[in-house]
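Please read the structure below before turning to the comments.
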Amino acid sequence: MKTEPIYVTKPVLPPLAEYTELLRGIWERRLLTNCGPLHTELEAALTAFFGVETVLFTNGHTALEFLLQTLPAGEIVTTPFTFASTANAILRSGHTPVFCEVKESDCTLDPAALEAAITGRTVAILPVHVYGNLCDDAALRQIADRHGIPLFYDAAHAFGVKTAGGSSSATLGDASMFSFHATKVFHTVEGGCICTKDAALAAKLRTMRNFGLAQGGEALPEAGGNGKMDEFRAAMGLLNLRHFEEAVAGRKAANDRYLSALSGRGLRFPADANTAAKRNYAYFPLLLPEKSNVAAVAARMQEQNIFTRRYFYPSLRQFAAFGGCPGETPKADALAARVLCLPLYPDLSEDDTDRVVTALLAALSAQ
Ligand code: T4K
């Protein structure tokens, strides 16, 4: 008998009755988009949650493009150990990505390698809190300040994470982008935001996401685009925020089951190197031993109907679109070739975790 598939993630959904209750209001008002009341409510709720001003967008990638469009054209130093979106956003907003090495411990941008990547053309630094592992903000901040350039974070994976000192991840850097995609720990189906303490930047982004229109539509100081989130997705966000802590607790339980079953077997767990005071358990990445055939392990698990993902292989440096971009990153390229993410979501059952572990160990011993 064929077993049920286990995918790398399964989006959380609030109780249907709670969603239909909010839909009733949308039906009554007929305000579907253009910053309606649910949008306003979600922006305020997230500002309170993050402890810093939040500007909602239609998705995380678009939010990042809008943010990077506020900079003069130049080079932006980033990591190749991330999803394609990070470097795509740099290129598509008129800049050149410059790739910098990562730390082996947690796969985040290595401050020790950063200085050498900065040139007279650098306009910003864009590290990634990959897997929810917070970057070494104090060290990065010092370098950014020394060069007088902004420090923006791709915080797509870091919703709800708190620093060792207990601050929200959203308070780090000059601005941070969060993704609210369906596969994320908190989602609005598609969605994202920019968090920033800079009130002028927040105001500018609000204008830019609405075609650049200001003064009630009678002025257009700079060309903008359409980055707005609609009421249906804002409703999803309000409810998922209500149930967020339950979702994290479910993820943590599955994460801990994996850790106790897999420790001491020559595997490394880069998300477990996280020193945050509060984690979100966004992913369960494994670093397989050097020389492992990761594709073969994934294929064997797939025969058991278990769908892992190689987030984030290959290193961005190996994509044709970024071929001409500066930066040598052998460490990051080698780490990316060893990584495999196991299924992780709040209602991943004990039996399913066991199925994943059994399939993984069998695939590894067949190497
Ligand atoms: N920066 C970073 C560092 C990012 O990781 C991302 C996005 C961004 C920026 C950009 O943010 P957004 O513009 O997306 O807000 C996913 C997501 O589409 C993407 O949001 C995410 N990072 C990236 C790491 O992963 P895929 O192509 O891996 O997703 P997909 O469709 O293969 O889904 C994975 C599994 O999840 C499926 O096998 C089944 C399950 N699934 C998925 C969806 C969408 C469901 O069960 N239901 C669903 O609705 O990209």
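Output the residues belonging to segment 307-322 that are under 18 Å from residue 86 (Cβ atoms) and either open to solvent by 50 Å² or more (accessible area, probe 1.4 Å) or within 13 Å of the ligand (Cβ to nearest atom) (or both).
Across segment 307-322, the qualifying residues are 309, 310, 311, 312, 313, 316, 317, 318, 319, 320, 321.
For residue 229, which of the numbered conditions (1) in contact with a Cys (Cβ under 9 Å, 6 or more places away or on another chain); (2) farther than 30 Å from residue 343 by Cα fails to hold?
If we test residue 229 against (1) in contact with a Cys (Cβ under 9 Å, 6 or more places away or on another chain); (2) farther than 30 Å from residue 343 by Cα, just (2) comes out false.
Can you tell me how many residues in segment 56-75 are among the small types (Gly, Ala, Ser) and within 15 Å of the ligand (Cβ to nearest atom)?
2
State whether the residues of segment 78-89 include one that is touching a residue at least 60 places away in the same chain (Cβ under 8 Å) and touching a Lys or Arg at 6+ places or on another chain (Cβ under 6 Å).
Yes, because at least one residue in segment 78-89 is touching a residue at least 60 places away in the same chain (Cβ under 8 Å) and touching a Lys or Arg at 6+ places or on another chain (Cβ under 6 Å).
Hey, residue 304 hits all of (1) closer than 30 Å to residue 57 by Cα; (2) open to solvent by 60 Å² or more (accessible area, probe 1.4 Å); (3) within 16 Å of the ligand (Cβ to nearest atom) but one; which does it fall short on?
Only one criterion is unmet by residue 304, namely (1).
Among the residues of segment 143-165 satisfying the criterion of being of a type outside the set (D, E, K, R) and assigned to a strand (DSSP E or B), which is farthest from the chain's Cα centre (by Cα)?
151
Here is a list: 240, 255, 226, 274. Which entry is more than 20 Å from residue 9 (Cβ to Cβ), among the polar types (S, T, N, Q) and in contact (Cβ under 8 Å) with a residue 60 or more places away in the chain?
Just a single option satisfies the conditions, and that option is 226.
Taking segment 29-42, which residues are among the charged types (D, E, K, R) and touching a helix residue (DSSP H, G or I) at 6+ places or on another chain (Cβ under 8 Å)?
29, 41
Have a look at 84, 112 and point out the one that is within 14 Å of the ligand (Cβ to nearest atom) and not acidic (Asp, Glu).
Answer to the check: 84.
What number of residues in segment 118-134 are open to solvent by 10 Å² or more (accessible area, probe 1.4 Å) and within 15 Å of the ligand (Cβ to nearest atom)?
Residues meeting the conditions: 1.
Return the residues of segment 321-342 that are hydrophobic (A, V, I, L, M, F, W, C) and not in a helix (DSSP H, G or I); say none if nothing qualifies.
Listed by number, the residues that qualify are 325, 337, 339, 340, 341, 342.
Against the conditions (1) over 29 Å from residue 101 (Cα atoms); (2) assigned to a helix (DSSP H, G or I), where does residue 345 fall short? Just the number, please.
Here residue 345 meets the rest and fails (2).
Quick grid of which residues meet (1) closer than 20 Å to residue 195 by Cα; (2) of a type in the set (Val, Ile, Thr):
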position: 16; (1), (2): no, no
position: 24; (1), (2): no, no
position: 52; (1), (2): yes, yes
position: 71; (1), (2): yes, no
position: 92; (1), (2): no, no
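Would you pick out the residues in segment 4-55 that are within 16 Å of the ligand (Cβ to nearest atom) and not hydrophobic (A, V, I, L, M, F, W, C)?
4, 5, 7, 9, 10, 11, 14, 19, 54
Does segment 116-132 include one or more residues that are assigned to a helix (DSSP H, G or I), within 24 Å of residue 180 (Cα to Cα) and out of contact with any helix residue (DSSP H, G or I) (no Cβ under 6 Å at 6 or more places or on another chain)?
Within segment 116-132 (the criterion being assigned to a helix (DSSP H, G or I), within 24 Å of residue 180 (Cα to Cα) and out of contact with any helix residue (DSSP H, G or I) (no Cβ under 6 Å at 6 or more places or on another chain)), the answer is yes, since at least one residue qualifies.
Conditions (1) out of contact with any Lys or Arg (no Cβ under 6 Å at 6 or more places or on another chain); (2) β-branched (Val, Ile, Thr), marked per residue:
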residue: 272; (1), (2): yes, no
residue: 281; (1), (2): no, no
residue: 294; (1), (2): yes, yes
residue: 299; (1), (2): yes, no
residue: 305; (1), (2): yes, no
residue: 321; (1), (2): yes, no
residue: 347; (1), (2): yes, no
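Could you check, for segment 23-43, whether at least one of its residues is closer than 30 Å to residue 337 by Cβ, in contact (Cβ under 8 Å) with a residue 12 or more places away in the chain and among the polar types (S, T, N, Q)?
Checked segment 23-43: no residue is closer than 30 Å to residue 337 by Cβ, in contact (Cβ under 8 Å) with a residue 12 or more places away in the chain and among the polar types (S, T, N, Q).
Please indicate, with yes or no, whether at least one residue in segment 272-285 is open to solvent by 60 Å² or more (accessible area, probe 1.4 Å) and modelled with pLDDT of 95 or more.
No, every residue in segment 272-285 fails to be open to solvent by 60 Å² or more (accessible area, probe 1.4 Å) and modelled with pLDDT of 95 or more.
The values are calculated or read from the model by the stated rules, or taken from the named source; none is laboratory data. Just so we're clear, the structure is a prediction, and the values are computed from it rather than from any experiment. Methodologically, a virtual Cβ is constructed for each residue, glycine included, from the backbone with ideal geometry; neighbour enumeration extends over all protein chains shown. Surface areas here come from the heavy atoms of the whole protein model, side chains and all, with no ligands, DNA or RNA. Shrake-Rupley method; radii C 1.70, N 1.55, O 1.52, S 1.80 Å.
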